[in-house]
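Q: I'd like to ask some things about the structure below.
The values are calculated or read from the model by the stated rules, or taken from the named source; none is laboratory data. Remember, it's a predicted structure, so these values are computed and weren't measured experimentally. Positions of Cβ are backbone-derived with ideal geometry, glycine not excepted, and every protein chain shown enters the neighbour counts.
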Amino acid sequence: MAKTALLAKLTAKEGMRDELLAVIADIGMSNVAGEPGTEVYAAHKDQNDADVVWFYELYSDQDALAAHGGSEQMKVFGQATREFMAARPELIFLDPAVAKGLDF
């Protein structure tokens, strides 16, 4: 099966990006630790917008992405981040093509 990826834009309420990142570091990272199909789960601070966090996620296949997105842990994560979010996450689904450091 082909790997699949996701780019997610999370926009925090003004001035609350650090609080959002704290939840990501605590709950988000512990959630994916037990997901064998989650290969990359990386949060990045936007250099031009102090309220934006970008995620790059890589999954072994579509089933792994679906398992991640539909898990009880993601529901807990969503509830924990809700108070810090200005809007719903923007999700872009990707088909990996070429990369350095990632095995497709």
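Quick grid of which residues meet (1) in contact with a Cys (Cβ under 9 Å, 6 or more places away or on another chain); (2) of a type in the set (Val, Ile, Thr); (3) modelled with pLDDT of 95 or more; (4) more than 23 Å from residue 104 (Cα to Cα):
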residue: 13; (1), (2), (3), (4): no, no, yes, yes
residue: 17; (1), (2), (3), (4): no, no, yes, yes
residue: 27; (1), (2), (3), (4): no, yes, no, yes
residue: 31; (1), (2), (3), (4): no, no, no, yes
residue: 44; (1), (2), (3), (4): no, no, yes, no
residue: 62; (1), (2), (3), (4): no, no, yes, no
residue: 65; (1), (2), (3), (4): no, no, yes, no
residue: 93; (1), (2), (3), (4): no, no, yes, no
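Q: On to the next question. If a residue must be closer than 22 Å to residue 82 by Cβ and among the aliphatic types (A, V, I, L, M), how many such residues does the stretch 43-64 contain?
A: So the answer is 4.
Q: If you go through the stretch 4-12 one residue at a time, do you hit one that is over 11 Å from the mean Cα position of the chain (by Cα), over 20 Å from residue 102 (Cα atoms), among the hydrophobic types (A, V, I, L, M, F, W, C) and assigned to a strand (DSSP E or B)?
A: Yes: one or more hits.
Q: Return the pairs, sorted by first residue and then second, in which the second residue is surrounded by 10 or more Cβ atoms within 10 Å (Cβ to Cβ) and among the charged types (D, E, K, R), the first residue lies in the stretch 84-104 and is over 19 Å from residue 65 (Cα atoms), the beta carbons are less than 9 Å apart, and the residues are 6+ apart or on different chains.
A: 84/13; 84/17; 84/19; 85/13; 86/13; 86/51
Q: I would also like to ask the following. Give the residues of the stretch 43-54 that are in contact (Cβ under 8 Å) with a residue 40 or more places away in the chain, assigned to a strand (DSSP E or B) and touching a helix residue (DSSP H, G or I) at 6+ places or on another chain (Cβ under 8 Å), sorted by residue number.
A: 52, 53
Q: When the residues of the stretch 77-90 are filtered to those that are surrounded by 13 or more Cβ atoms within 10 Å (Cβ to Cβ) and of a type outside the set (Phe, Trp, Tyr), which remaining residue is farthest from residue 37 (Cα to Cα)? Let's see the steps before the verdict.
A: Let us first name the residues in the stretch 77-90 that are surrounded by 13 or more Cβ atoms within 10 Å (Cβ to Cβ), namely 77-78, 80-81, 84-86, 89.
Subsequent filtering for residues that are of a type outside the set (Phe, Trp, Tyr) retains 78, 80-81, 85-86, 89.
Details: 78: 20, 80: 23, 81: 23, 85: 27, 86: 29, 89: 22 Å.
Result: 86.
Q: Taking the stretch 70-87 only, how many residues are assigned to a helix (DSSP H, G or I) and among the hydrophobic types (A, V, I, L, M, F, W, C)?
A: From the stretch 70-87, those assigned to a helix (DSSP H, G or I) are 72-82; that's our starting set.
From what is left, the residues that are among the hydrophobic types (A, V, I, L, M, F, W, C) are 74, 76-77, 80.
Qualifying residue count for the region: 4.
Q: Right, something else. Would you mention how many residues in the stretch 24-46 are loosely packed, with under 15 Cβ neighbours inside 10 Å, among the charged types (D, E, K, R) and under 16 Å from residue 64 (Cα atoms)?
A: 0
Q: Contact list please: Cβ distance under 6 Å, first residue in the stretch 27-42 and part of a loop (DSSP other than H, G, I, E, B), second residue at pLDDT 90 or above and buried (at least 18 other Cβ atoms within 10 Å of the Cβ), pairs at least six apart or on different chains.
A: From residues that are part of a loop (DSSP other than H, G, I, E, B), the pairs are 35/68; 37/59; 37/64.
Q: Tell me the residue from 65, 21, 58 that is touching a residue at least 60 places away in the same chain (Cβ under 8 Å), surrounded by 11 or more Cβ atoms within 10 Å (Cβ to Cβ) and not hydroxyl-bearing (Ser, Thr, Tyr), please.
A: Checking each option against the conditions leaves just 65.
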